[in-house]
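Any read-out appearing in this document is the output of simple, stated calculations on the displayed coordinates, not a laboratory observation. Everything numeric in this text was worked out from a predicted model, so none of it was measured. Neighbour counts run over all protein chains shown; Cβ positions are idealised from the backbone, glycine included.
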Ligand SMILES: Nc1ncnc2c1ncn2[C@@H]1O[C@H](COP(=O)(O)OP(=O)(O)OP(=O)(O)O)[C@@H](O)[C@H]1O
């Protein structure tokens with residue numbers, strides 16, 4: 001299966017530049033987490049990749065082929081919100097049937113299993129569903145279409161903790177039974193860390209992180225101790241932010257620690273989790289320069 005790649009992708013709405021010079025390569029059979037603050041452009045990026053919107057500038061390639069709007073590999077790339085194209089008065093069963101026709105095939109067995117697991121009656125109409133159930137239904141359909149690249153835009157929006165956990169299990173199960181690429185855009189970062197292999201972070205219109213989860217976690221540190229020692233140790237490293245509590249000074253780093261630099265006894269260095277790293281990376285006014 002080919003890569004899906006963007007080169008110098010730009011998206012503007014009027015004067016607002018939402019995506020600026022995005023160079024991204026999505027690989028087959030990988031689960032990506034797409035993170036970013038509200039309104040940063042996650043949905044816009046997914047929608048351009050799925051050919052639901054056009055970029056203002058730049059190129060999208062499918063393997064070696066430059067995609068124009070017309071030759072987009074429709075049944076290979078699926079965006080969760082495609083369901084919005086259907087009539088909201090339709091019953092869920094009808095939407096499933098029409099999606100199966102449009103997409104060429106459909107995993108009906110998985111759909112039935114998930115409808116039962118989430119206690120969702122397929123005789124209901126789409127516009128009768130609550131926010132959470134609408135998200136569940138869209139995600140069920142997205143997991144059952146034959147696409148190789150599936151974009152899940154906030155698949156846990158409005159779901160309670162039990163259903164979120166169940167949904168993550170189904171995403172993993174779907175992946176294990178038929179590996180494909182999922183890009184999961186979400187705000188619930190601490191939960192997604194167990195699901196994704198690769199992390200993408202959008203901030204101020206740019207892709208500031210494009211790394212394996214392992215690499216991201218390995219580069220995320222908190223360095224604490226007396227201010228002078230902390231500052232000295234962190235010289236020339238990529239500092240995301242700092243805070244002073246009494247005499248304890250803490251600096252957050254996103255960098256590889258230099259092997260040759262001696263760590264003074266009075267410094268404590270430990271790793272921070274994905275959520276904390278994300279907050280520091282995307283805090284307005286932080287010193288981040290990735
Ligand atoms: N059709 C449009 N016309 C004008 N501006 C738009 C349009 N679609 C999106 N925008 C703007 O582009 C920016 C990015 O929106 P987008 O929905 O992609 O962000 P997001 O990261 O998915 O946000 P959230 O996490 O809040 O869902 C926002 O400022 C939004 O107002």
Q. Quick one: in the range 31-161, what % of C-alpha pairs are over 21 Å apart?
A. 44
Q. By count of other Cβ within 10 Å, fewest leading, how are 118, 278 ordered?
A. 118, 278
Q: Once you've got the GNM for the chain with C-alpha springs shorter than 10 Å, pick whichever of 119, 255, 236 has the biggest mean-square fluctuation.
A: 236
Q | Rh by Kirkwood over Cα pairs, then Stokes-Einstein D for the range 219-282 at 1.306 mPa s and 10 °C, µm²/s | A | 135
Q) Which residues in the range 131-149 have a backbone N closer than 20 Å to a point placed 7 Å from the Cα of residue 105 along the Cα-to-Cβ line? A) 140-149
(Q) Could you tell me the ratio Rg/Rh of the range 90-182? Both radii from Cα atoms, Rh via Kirkwood. (A) 0.93
Q. Once the Cα atoms of the range 99-142 are picked out, what are the Rg and Dmax in Å?
A. 10.5, 29
Q) Can you tell which of 214, 191, 59 shows the greatest fluctuation in a Gaussian network model of the chain with Cα springs below 10 Å? A) 214
Q: Using a cut-off of under 12 Å, list every residue of the range 102-146 whose amide N is near the label point 7 Å from the Cα of residue 172 along the Cα-to-beta-carbon line.
A: none
Q: Quickly estimate the mean residue ellipticity at 222 nm for the chain, helices only: each DSSP H run with n ≥ 4 gives -39500 (n - 2.57), and the total goes over all residues, rounded to 500.
A: -8500 deg cm²/dmol
(Q) Looking at the chain as a GNM with Cα springs under 10 Å, which of 36, 104, 158 has the largest mean-square fluctuation? (A) 104
Q: List the relative contact order of the chain as a percent without decimals, with contacts defined as Cα pairs under 8 Å and 6+ residues apart.
A: 19
Q: Report the calculated FRET efficiency for residue 211 and residue 75 (r = Cβ-Cβ distance, R0 = 30 Å), to the nearest 0.05.
A: 0.50
Q | Principal axis dimensions, the range 27-73 - Cα atoms, whole angstrom, descending | A | 32, 28, 15
Q) So what's the range 182-255 giving for Cα Rg divided by 2.2 N^0.38 Å, two decimals? A) 1.32
(Q) With viscosity set to 0.890 mPa s at 25 °C, what whole-number translational diffusion coefficient in µm²/s follows for the chain from Stokes-Einstein and a Kirkwood radius over Cα pairs? (A) 118
